[in-house]
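Every read-out reported here was derived from the displayed coordinates using simple, explicitly stated rules and does not represent laboratory data. All figures in this text were calculated on a predicted structure; none of them were measured in a lab. Positions of Cβ are backbone-derived with ideal geometry, glycine not excepted, and every protein chain shown enters the neighbour counts.
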Amino acid sequence: MGKGKPRAPLTLEMNAAAVESLSDYYDEPAWMREARRSAWQQYESLPLPRKTEEAWRRLPVARYPWTGQRVVVAPLPLESIDGLPPCWVHPLPPTQLLSGILVHYNGAPAYAELSETERAKGVVLADLHAALHTHGDLIRRYWMQGTTTRSDFNKFTALNAALWHGGAFVYVPEGVRVARPLQALTGYNIQGGAGLHHTLIVAEKGARVTLLQDRISQESSPALNAEIVEIIAEEGAWIRYASLQHWGNQSHTVSVQEARLARDAHLLWVSGSLGGQVTKEFLRLELLEPGARGEMQGFNFARGQQHIDQSTYQHHRAPDTYSDLLFRNVLRDQARTVFYGMIRVEPEAQRTQGYQANNNLLLVDKSPGETSPGKPRAHAIPGLEISANDVSCSHGATVSRLDEEQLFYLQARSIPRPEAEQLIVQGFLRPIIERVPLACMREQLSNEIARRFWD
């Protein structure tokens, strides 16, 4: 369990030579070497996103740090890692709560454990570099085949495809049900090293799995993260994926996550963003065949000068598919959030059901209609593109302050106003947090939200 032979540390400038050096370092198969080379050529040719592009026009792209960023692999044993979330403090959560744990830190695996029961059933929870040597053909079949997870989607995905280091591979064979959740952590405390993590989740026909993935960092200077997550649910598969991020306050992130669902597959996708200085997320749900069902629920709590920008896409490409999205944001100080959501229904996707809602709560005292650059600001832009004539689709968005009547009700019962505000916010976010697996993680999130009223 747990510990293999550690690799030597590695530091590279981000250039074409680094592509070859990484392939040599991990002794990668020929197809991956060629994929990296091709992606680097795309990276060099692609421009940075422009303000004229709808998905980027509200994001401060110029604030992303490129100068001085390097590829750094700095292996660190789990017991030497500081600042782990409470659910990760050693000793790790009791094994009766989890079927497996994978920890990546500074681009290298720090700890890995999978129960013997799941291992005997063919389940894989492994470092992606190691999995290339044991499941290379399977990884190649699915590698960056999505609409947004392909290497030429933008400059950030090209960079990840060319120089990714550190990655998680989850594989569940046909008909296998993983009894308890799997947990994966990605963390960094290196300075000047770009985070280029890659996650691949594959659930074959009729398989069932839950994965909770968390991210942390402790950088002291501006850091660049370009992450890719690919989720594949084959016919009748059931996946629950909870994606959380607690990046440090110097992190500048672009996270591209895409799920592809086959016939009668079901995905419950929970997303939570609490950290980072600037975060851009592309979250895409592809409903490829009849009977596919996807639920997307997300929450964000932005404060200070945080900027969280999310583009969601629910793509119905077959009849009798279902999607339901609910994202809720809480903002204070000078924070900014952007929600740009789209439900697209293709002509052949008759009898589609698609729903989308974005609710925003501003923690600010000001008169109605008053605006100020020093106050939090939420942009909510839901959308529909429907090309079928037999559908049930709706979308909506709200932006509001705390309800003074609710606050008065609580204060009239001897609850001080700060605690009353906290109770309302906790209730606002609770329906989504309740969908996160593991009670200790839900408790951690609730405590973190409470601290944001006092820090």
Filtered pair list for the chain (Lys only, Cα < 21 Å, 8 or more apart or interchain) has a length of 6
Helix-only [θ] at 222 nm, the chain, -39500 (n - 2.57) per DSSP H run of 4+, per residue, nearest 500, equals -6000 deg cm²/dmol
Percent of all alpha-carbon pairs of region 378-455 at distances over 16 Å, whole number, is 67
By the Cα gyration tensor axes a ≥ b ≥ c (a/c under 1.5 gives rounded; else a/b larger than b/c gives prolate, otherwise oblate), the shape of region 137-196 is oblate
Here the averaged projected area of the chain, based on the convex hull of its alpha-carbon atoms and given in nm², is 21.9
Taking 47-58, 108-119 and ranking on average Cβ neighbours within 10 Å, highest first, one gets 108-119, 47-58
Packing-ranked peptide list from 248-259, 428-439, highest mean Cβ count within 10 angstrom first, is 248-259, 428-439
From the Cα centre of region 153-189 to that of region 211-238, the distance in Å is 6
Computed for the chain: size of charge dipole around the Cα centre, +1 on C-beta of each Lys and Arg, -1 on C-beta of each Asp and Glu, debye to nearest 20, value 540
So the angle from the long Cα axis of helix 417-433 to the longest Cα principal axis of the chain, reported in degrees to the nearest 10, equals 50
Fewest to most Cβ atoms within 10 Å: I239, I139, I415, I228 sort as I415, I139, I239, I228
Rounded to two decimals, the Debye log10 I(q)/I(0) of region 164-296 (Cα scatterers, no solvent) at q = 0.21, 0.22 Å⁻¹ is -1.14, -1.22
Net charge (Lys, Arg +1; Asp, Glu -1) of residues whose beta-carbon lies under 14 Å from that of A179, A179 excluded, is +4
Between A120 and L288, the FRET efficiency computed from the C-beta separation at R0 = 51 Å comes out, to the nearest 0.05, as 0.95
Output ordering of 174-187, 150-163, 395-408 (per-residue mean of other Cβ within 10 Å, highest first) is 150-163, 174-187, 395-408
Between the alpha carbon centres of region 271-348 and region 393-452 the gap in Å comes to 20
Within the chain, the percent of DSSP beta bridges that are antiparallel, given to the nearest 5, stands at 10
Gyration tensor on Cα atoms of region 167-206, a ≥ b ≥ c root eigenvalues, a/c under 1.5 rounded, else prolate if a/b beats b/c, else oblate, says oblate
Taking the dipole of region 1-68 about the Cα centre (Lys, Arg +1; Asp, Glu -1; charges at Cβ), the one of V19, P49, M32 that reaches farthest to the positive side is P49
By Cβ neighbour count within 10 Å, fewest first, R293, R351 rank R351, R293
Among Y241, V176, G427, the residue whose Cα sits farthest towards the positive end of the charge dipole of the chain, when +1 is placed on the Cβ of each Lys and Arg and -1 on the Cβ of each Asp and Glu, is G427
Helix 30-45: inclination vs the chain longest Cα principal axis, degrees, rounded to 10, gives 50
